[in-house]
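A quick write-up on the structure given underneath.
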Amino acid sequence: MNSDLQTIEKHISQEYKYGFVTDIAQETIPAGLDEQVVRLISAKKNEPEWMTRWRLKAYRNWIKMTEPTWAKVKYSPIDYQAISYYSAPIKDSKKLKSLDEVDPEILRTYEKLGIPLEEQKWLAGVAVDAVFDSVSVATTFKEQLNKHGVIFCPFSEAVQKHPELIKKYLGSVVPYTDNFFAALNSAVFSDGSFVYIPKGVRCPMELSTYFRINAANTGQFERTLIIADEGSYVSYLEGCTAPMRDENQLHAAVVELIAHKDATIKYSTVQNWYPGDPKTGKGGIFNFVTKRGICKGDNSKISWTQVETGSAITWKYPSVILKGDHSIGEFYSVALTNNYQQADTGTKMIHIGKNTKSTIISKGISAGYGQNTYRGSVKIMKGAENARNYSQCDSLLIGDKCGAHTFPYIDVRNPTARMEHEASTSTIGEDQLFYSNQRGISTEDAISMIVNGFCKEVFKELPMEFAVEAQKLMEVSLEGSVG
Amino acid sequence: MLEIKNLHVSVEGKPILKGINLTVNAGELHAIMGPNGSGKTTLAQVIAGRDMYEVTDGEIIFDGKNLLKMTPEARALEGVFMSFQYPVVIPGVNITYFLKTAVNAMRKHKGLEELDAIDFLTFIKEKMRLVRMDESYLSRSVNDGFSGGEKKRNEILQMLVLEPRMSVLDETDSGLDIDAVRIVANGLNNFRSKERGFLVITHYQRILGYIDPDYVHVLKNGRIIKSGGKNLALELEEKGYSWLVEEQPIEA
């Protein structure tokens, strides 16, 4: 048995392969945060006065707030004055007109990450916005999207070109008063993606943002806003990686989704930030993210799918406010913690409209010394007649030094609600591995087979190319992880 | 083909096998019978390479190679198969995928090209007919929700699919009704050949009526206390095991 576990351990400790640093001239402002810094960021982005004021309000609110401590994660205190809040490749001071103007070093970086930015090289069905540290460096397929009236651009560009939409929707789902990290993001966010799908349009391709942290001692604070107007449909994906560094780096993003009547937003994440040193737990990204969507109109639908394999600490709860009647909220999650990683993740489903329906499928995998917590809340408000929720939380333990924890909160204020909750905990058994070995299947293949079988219900929600990617990622992340 | 010499095995310091000597040549089928707790399953598991058993003395040679030095998967790839007395459930892992992975691992080991999904399906469906398994099995998870009989038939199916040279069947007949015993025995008989060796561990004589063993051995208290032809099985059926106690154990 021990020899089996050792073999597994060996497999699970494969190295993080996105840990390289791009050597490029970057402008990084000095560390520290005060009103001046907020104004400076706003000025760098040439923002209108209303935007600057909004940021300042958020900042003033943030300094009065305290960092939340309720999550089941442990980390040494973050010194918010030791972080630089803005870093950008120097060339970007002027607006890029084409890919030829992007620093070839950055293009090579994305190439290395498997995300070629040249349109002809990329899968025909996916448009990409690439965010490098604090700025968006390239957006592909813009023209084709324009034909359909779809707006897909860096957030900072949307502030300039579509102020009416930003003013109307920014902070409408996640107000800057929402929580500590959302307030911080609202004050200092640098860039991100903006999407608007007009009435009745089915977005002709997958939209995707690829986030890359490169600079050291820099926080990444991006902001994503997606608006699906009546009867529209959009599928959006985000991917993330970062170099290996000994210091922890803060990533505090905010994502807001708005689905109008009969609209559907499908949001998928494959998160693979640097998880820290596998042996010591040193370094890695602190991933403190606020993601929330509102099903504003009747018959609208928001579906979150996340595959969380990276980060030293993950703190995120992609949620749905089900306001419209007959609206649907979904949350499909795979969270893997290996070595010294910690994750406290889950969702909130808030049922306000009648006949609203939510589904929660959470799969937590713990290996090494990993700690994995599911934290979810389902609220059925008074007026939510005939609301339905189905929750399923499964945990898979690999080895005997890791942990899995489940905190489901349920608050029902309408007697017509129907709630179902299922939970299970399983381990990869030595007998399962022996059985597979006896059929000539290596321990490594057996583990990845079992893990993928465990995650199947979630992976099938991902767009196909990403499902394959996610499977591979699980293998890499698990390599060497069973102890 | 398979030579077991003076094999001593302990579990947690307690001796279970106390000097087993047994040679299975290609083309032969040996049956091992014996009361509960005699060490039958231990013998099967040690051949397959389960590491909770400690081999304190002796050796197992397979085709001139020291089996005890090999990992379980290396033994499997060399052509040693064990049908489990209690097949293991692997929820969420599709049986087709599982078997295809196993078959391709074998093919790769033999330097053959891997089968693609379509070729594999054709191949496995043909084998399934031999053990009368319905195609709906292909969409299920490994042994998940299988009845006892289905699990055992699934073991035989895997043997047919993996085409091992040495098969160790650990109580494959237990828990089967008479029709299922016949199906399993049929599958086994069709698979027998000059190149293959078999070790059939059973508690009952019943299945031996269908598979015609070349040799029958009686295992008791970790020793083979009697060996003979197939008539020995009939004798055991009639008289039980207790009369053998009186006889002198065959010295290791």
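Within the bounds of the stretch B:72-83, is there any residue that is surrounded by fewer than 16 Cβ atoms within 10 Å (Cβ to Cβ) and of a type in the set (Asp, Glu)? Explain how you work it out, then say what you get.
Our first condition is that a residue be surrounded by fewer than 16 Cβ atoms within 10 Å (Cβ to Cβ); within the stretch B:72-83, this holds for none.
For the stretch B:72-83, residues surrounded by fewer than 16 Cβ atoms within 10 Å (Cβ to Cβ) and of a type in the set (Asp, Glu): absent.
Would a scan of the stretch B:112-133 turn up a residue that is modelled with pLDDT under 95 and at the interface with another protein chain (Cβ under 8 Å from one of its Cβ atoms)? Please lay out each step first, then the result.
Kept after step one, since they are modelled with pLDDT under 95, are these residues of the stretch B:112-133: B:112-133.
Then keep just the ones that are at the interface with another protein chain (Cβ under 8 Å from one of its Cβ atoms); that gives none.
No, the stretch B:112-133 contains no residue that is modelled with pLDDT under 95 and at the interface with another protein chain (Cβ under 8 Å from one of its Cβ atoms).
Which residue pairs have Cβ atoms closer than 8 Å, lie 6 or more positions apart in sequence or on different chains, and pair a first residue in the stretch B:130-144 that is more than 21 Å from residue A:439 (Cβ to Cβ) with a second residue that is surrounded by 18 or more Cβ atoms within 10 Å (Cβ to Cβ) and not aliphatic (A, V, I, L, M)?
B:132/B:153
For residue B:14, work out the one condition from (1) free of Cβ contacts under 8 Å to residues at least 12 places away in the same chain; (2) in contact with a Phe, Trp or Tyr (Cβ under 7 Å, 6 or more places away or on another chain) it doesn't fulfil.
Just one mismatch for residue B:14, condition (2).
Search the stretch B:69-90 for residues being within 17 Å of the chain's Cα centre (by Cα) and farther than 20 Å from residue B:163 by Cβ, and hand back the single one that is nearest to the other protein chains (Cβ to nearest Cβ). Full working, then the answer.
Of all residues in the stretch B:69-90, those within 17 Å of the chain's Cα centre (by Cα) come to B:72-88.
Filter again for farther than 20 Å from residue B:163 by Cβ, leaving B:85-86, B:88.
Values: B:85: 12, B:86: 9, B:88: 4 Å.
Ranking the qualifying residues of the stretch B:69-90, first place goes to B:88.
Just to verify a result, which residue in the stretch A:449-470, among those that are modelled with pLDDT of 85 or more and in contact with a Leu (Cβ under 7 Å, 6 or more places away or on another chain), is farthest from the other protein chains (Cβ to nearest Cβ)?
Of everything passing the filter in the stretch A:449-470, A:451 is farthest from the other protein chains (Cβ to nearest Cβ).
So which strands (runs of 3 or more DSSP E) are wholly in the stretch A:310-385 and hold at least 3 residues that are over 18 Å from residue A:290 (Cβ atoms)?
Details: elements: A:313-316, A:319-322, A:328-337, A:342-351, A:357-366, A:371-380.
Answer list for the stretch A:310-385: A:328-337, A:357-366, A:371-380.
Kindly check whether there is at least one residue in the stretch B:109-121 that is under 25 Å from residue B:50 (Cα atoms) and surrounded by fewer than 23 Cβ atoms within 10 Å (Cβ to Cβ). Show your work before the answer.
Kept after step one, since they are under 25 Å from residue B:50 (Cα atoms), are these residues of the stretch B:109-121: B:109-110.
So of that shortlist, the ones also surrounded by fewer than 23 Cβ atoms within 10 Å (Cβ to Cβ) come out as B:109-110.
Within the stretch B:109-121 (the criterion being under 25 Å from residue B:50 (Cα atoms) and surrounded by fewer than 23 Cβ atoms within 10 Å (Cβ to Cβ)), the answer is yes, since at least one residue qualifies.
Where in the stretch B:162-227 are the strands (runs of 3 or more DSSP E), entirely inside, with at least 3 residues that are in contact with a Phe, Trp or Tyr (Cβ under 7 Å, 6 or more places away or on another chain)?
Numbers: elements: B:166-170, B:197-202, B:215-220.
Hits in the stretch B:162-227: B:166-170.
Of the conditions (1) at pLDDT 85 or above; (2) surrounded by 19 or more Cβ atoms within 10 Å (Cβ to Cβ), residue A:44 clears all except one; give me its number.
(2)
Return the residue satisfying two criteria in turn: it lies in the stretch B:28-50 and is touching a residue at least 12 places away in the same chain (Cβ under 8 Å) and more than 15 Å from the chain's Cα centre (by Cα), and of such residues it is farthest from the other protein chains (Cβ to nearest Cβ).
Here is the first cut: in the stretch B:28-50, the ones touching a residue at least 12 places away in the same chain (Cβ under 8 Å) are B:28-36, B:38-50.
Remaining after also requiring more than 15 Å from the chain's Cα centre (by Cα): B:34-36, B:38.
Details: B:34: 22, B:35: 25, B:36: 21, B:38: 22 Å.
So, considering only residues that are touching a residue at least 12 places away in the same chain (Cβ under 8 Å) and more than 15 Å from the chain's Cα centre (by Cα), the one farthest from the other protein chains (Cβ to nearest Cβ) is B:35.
Going by what's in this entry, would residue A:439 be described as away from chain B (no Cβ under 14 Å) and more than 23 Å from the chain's Cα centre (by Cα)? Walk me through it before giving the result.
Numbers: away from chain B (no Cβ under 14 Å): no; more than 23 Å from the chain's Cα centre (by Cα): yes.
Criteria not met by residue A:439.
Among the numbered criteria (1) over 14 Å from residue B:154 (Cα atoms); (2) free of Cβ contacts under 8 Å to residues at least 40 places away in the same chain; (3) under 14 Å from the mean Cα position of the chain (by Cα), which single criterion is violated by residue B:167?
(2)
Cβ contacts < 7 Å: first residue under 12 Å from residue A:392 (Cβ atoms) and at pLDDT 95 or above, restricted to the stretch A:329-341; second residue part of a loop (DSSP other than H, G, I, E, B) and of a type in the set (A, V, I, L, M), any location; separation 6+ or different chain. Result?
none
Would you be able to tell me the number of residues in the stretch A:184-222 that are among the aliphatic types (A, V, I, L, M) and modelled with pLDDT under 90?
Restricting attention to the stretch A:184-222, the residues satisfying the condition of being among the aliphatic types (A, V, I, L, M) are A:184, A:187-188, A:195, A:197, A:201, A:205, A:207, A:213, A:215-216.
Applying the additional criterion that residues be modelled with pLDDT under 90 yields A:205, A:207, A:213, A:215-216.
Adding up the residues that qualify gives 5.
Return the only residue of A:404, A:423 being away from chain B (no Cβ under 11 Å), among the small types (Gly, Ala, Ser), loosely packed, with under 15 Cβ neighbours inside 10 Å and touching a Ser or Thr at 6+ places or on another chain (Cβ under 7 Å).
Values: A:404 fails: loosely packed, with under 15 Cβ neighbours inside 10 Å.
Answer to the selection: A:423.
Which one of the conditions (1) assigned to a loop (DSSP other than H, G, I, E, B); (2) under 26 Å from residue A:469 (Cα atoms); (3) small (Gly, Ala, Ser) does residue A:453 fail to meet, given that it meets all the rest?
(1)
Restricting attention to the stretch A:72-102, which residues are part of a loop (DSSP other than H, G, I, E, B), at pLDDT below 55 and surrounded by 13 or more Cβ atoms within 10 Å (Cβ to Cβ)?
A:96
Would you mind stating whether residue A:398 is aliphatic (A, V, I, L, M), more than 9 Å from chain B (Cβ to nearest Cβ), within 25 Å of the chain's Cα centre (by Cα) and over 28 Å from residue A:353 (Cα atoms)? Spell out the reasoning first.
Values: aliphatic (A, V, I, L, M): yes; more than 9 Å from chain B (Cβ to nearest Cβ): yes; within 25 Å of the chain's Cα centre (by Cα): yes; over 28 Å from residue A:353 (Cα atoms): yes.
Against the criterion (aliphatic (A, V, I, L, M), more than 9 Å from chain B (Cβ to nearest Cβ), within 25 Å of the chain's Cα centre (by Cα) and over 28 Å from residue A:353 (Cα atoms)), residue A:398 qualifies.
Quick one: count up the residues across the stretch A:223-242 that are at pLDDT below 85 and not polar (S, T, N, Q).
First pass over the stretch A:223-242, keeping only residues at pLDDT below 85: A:238-242.
Of the ones still in play, those that are also not polar (S, T, N, Q) are A:238-240, A:242.
So the answer is 4.
The values are calculated or read from the model by the stated rules, or taken from the named source; none is laboratory data. This structure is a prediction, so every number in the text was calculated from the model and none was measured. Glycine gets a Cβ as well: all are built from the backbone with ideal geometry, and neighbour counts include every protein chain shown.
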